[in-house]
1. Considering only DSSP states other than H, G, I, E and B, which GluC sites (Glu not before Pro) in the stretch 247-333 qualify as loop sites with at most 14 other Cβ atoms within 10 Å?
2. Name the aspartates and glutamates eligible as straight-distance cross-link partners of residue 341: C-alpha to C-alpha under 19 Å, and not fewer than 8 places from it in the same chain.
3. Taking neighbour counts of Cβ atoms within 10 Å as a proxy for exposure, in what order, fewest first, do 436, 254, 620, 106 appear?
4. Of 130/162; 13/68; 417/469, which sit over 30 Å apart, Cα to Cα?
5. To the nearest µm²/s, what D does Stokes-Einstein give for the stretch 487-667 at 20 °C and 1.002 mPa s, using the Kirkwood radius over alpha carbon pairs as Rh?
6. Filter the DSSP H helices in the chain by two things, a Kyte-Doolittle mean of at least 0.5 and an axial alpha-carbon span of 24 angstrom or more, and list the hits by number.
7. May I ask you to list the lysines whose Cα is less than 21 Å away from that of residue 14, ignoring any residue fewer than eight positions away on the same chain?
8. Over 22 Å between Cα atoms: which of 413/584; 184/211; 9/138 fall into that group?
Amino acid sequence: MTSKYDRIKSECKKKNILWEDPEFQAVQTSVFYYQTPPFTFQWKRLADISGTPMFMSDGENFDIIPGKMGDRWLVSCLGVLYSLKNLFYRVVPADQNFENSYGVFRFRLWWCGEWVEVLVDDRLPTINGKLAFLQPHKSNCYWASLLEKAIAKLHGSYEALKYGTRSDGLSDLTGGIVETIPVKSGNDSIRPVILRSILDTTCIITCIAIKGNSSQFKSQPEKLPNGIGIGVSYRLCSLDKVENMMGDSVQLVRLKDPLASETFGTKTGFNGEWSSMSNAWDKVSIQERDRLLGQLDVGEFWMSFMSLTETFTNLECIHLDTDTAKDELSLTDRPRRWSMKMFQGFWRKGVSAGGCRNHDSFHINPQLQLYVTDKEDVIIALNQHTAVEPKVIGFTMYKLTNVKNKVSESLSKEFFKSQVSFINSDYGNSRHVSYRCNLDVGKYLLMATTYEPGEESGFTVRILGNSLKLAQLETQTMMLLDPFPPISTIRNESDAVKEKRCQYEPVFMQLADENKTINCFELQELLEACLPNDYIKSCASLDICRQIVSLVDKSGMGRINFLQFKTFIVNLKTWQGVFKIYTKEKSGILRAERLRDALFDVGFQLSSDIMSILMLRYMRKDGTLRMGDFCSAILHLTTAFEIFQRKDHDQDNLIKIEMVDVMDQISTPVLIVL
């Protein structure tokens, strides 16, 4: 099958034109969407900027700089990617050049839980004829400038990259799960044995020095006294030990500067102990010195482990699953490999966006059951599919070992009232949240949430381990109680309600025909006269009246008698009582995330699919419902269950629909997707 990339190139070749991307146009809003920049950008083709542009060159060292307005965090991430040649070519296909590109270039990025191909043209924003963002320092290779444009396209604008982070960038470029580990926690520092354990897995470790008042918008990184750049991701390649002539053993780490383009031995870069100019090398044997220095590649250097703990503040570990890591040659000798379980879902207002465990709607969030068959370390990562204005996200885990019955459906609100959470991640407005833990054999419940209820976004949960099973728990749709019982079965009806029903009869008879029945129009007039206030009078709409007649009229005449009317009034009073329970904060307004529980109390247990349909029909722009909406939803569901059960002759939850049934649904719309 011909790809979009090939089709575009073929069309441009026929027309002898250069491609212009219609999805990410060369306009101001593609650069700055929210803010207004102090100058105007001019978009130019790379051929107009550089006389002989190249896409990339074999053997070229990394020489990317941020330019006037580029982001150093992205340059640092690209430097890490460039050092991983096989992963680099997955993101940046090498079979591209300016000679026959017709202005279109393609890249692959990990986005919203999958690898996506992003196409861009080669028109780039300039200031005074020079590139405004990422650019090569000395060479004419512009792969990084075009890749930056592809990332900006996914984010909506170049401006959005100003709020990006290294962890987001590393995840998007490698497809890995990024775990941040502080080098020091209180008075304790990370130990070499921990680093060795991580390096045994298919993991890429980077070290970062963070300084509180450092600005990521400067074109060149600030440096510590020992030459280490602030905010630069140095790759930790290996650990080794060296013994000096005094017999003392020193733990060393081999690091790679992603921004370096010179070989070991220059005076730039790291200048501390065990650097190229350090006299520490004079204290070891020639054999040891040759062995260690012989391991160094471009941009690499040795540093003592003690210096590492004093220089760097965080480690960012990029964990790759087996499928992602198999093509990277530098990881082929790692003895331990991760397998990955993944779930993609949505937080939908009123359906599955319940907020964190501080809220009473927490239980409506998607529930994932995790099976662990062998005790092991597990890494859990949550990624939201929102780049602009990200939500505050996190996750909570519960043990299910104390649950007596087999868990096959979503757990109710009562479970979360009685259970203490086992794991709680930090909540933040980053696109990725990760957590490492050691899990015993057993079953666990994982709840990925936004912090506040009602916030919508897609999300991906990824779990790395070796003996895991992951499944979503869903609620089975069923009617637990009859929401519209006849009066004879209703208990505890108050004398006041009985008296009111008697008061309605004279008005009913005034509107009734000779058979003492009324139609939907007359029912609307009756309800408007009888219902006491605007709060419940919203149940007197013509649509609801048609639903009532359709539900209770068994004669097919479109009319109801006084007994049927009384039955509706009594049940309406019951529904009103349920509605009030869930609208305590603001009388008459039901928040969408509480509808599922309110309908459960009426008698309906509903799946997320059914709730999604109800929300599309009844939820208002502000995420709320009124009493009329609640009443209409009950009537729709009651009618749908009645029709379904009547046609489910074999009691196997399958029915046959004929054309007459379809026409009936059009004339009297109901929910028939149970």
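Each reported figure results from applying straightforward, stated rules to the coordinates on display, with no laboratory input. On a predicted model such as this, the values are computed, not experimentally measured, just so you know. Positions of Cβ are generated from backbone atoms using ideal geometry, with glycine treated the same way; all protein chains shown enter the neighbour counts.
1. Values: sites: 262, 273, 288, 300, 310, 316, 328; in loops: 262, 273, 328.
Taking the stretch 247-333 and a limit of 14 other Cβ atoms within 10 Å, the loop GluC sites (Glu not before Pro) found are 262.
2. 114, 172, 179, 321, 323, 374, 376, 377, 440, 474
3. Working: 436 15, 254 18, 620 11, 106 21.
So the ranking, lowest neighbour count to highest, is 620, 436, 254, 106.
4. Details: 130/162 20 Å; 13/68 35 Å; 417/469 26 Å.
Pairs exceeding 30 Å: 13/68.
5. Working: Rh = 17.7 Å.
For the chosen part, D equals 121 µm²/s.
6. Details: long enough: 495-511 (25 Å, -0.68); 562-581 (29 Å, 0.56); 627-647 (30 Å, 0.40).
For the chain, where a helix must reach 24 Å along its axis and average at least 0.5, the hits are 562-581.
7. 4
8. Values: 413/584 18 Å; 184/211 15 Å; 9/138 30 Å.
Table pairs above 22 Å Cα-Cα are 9/138.
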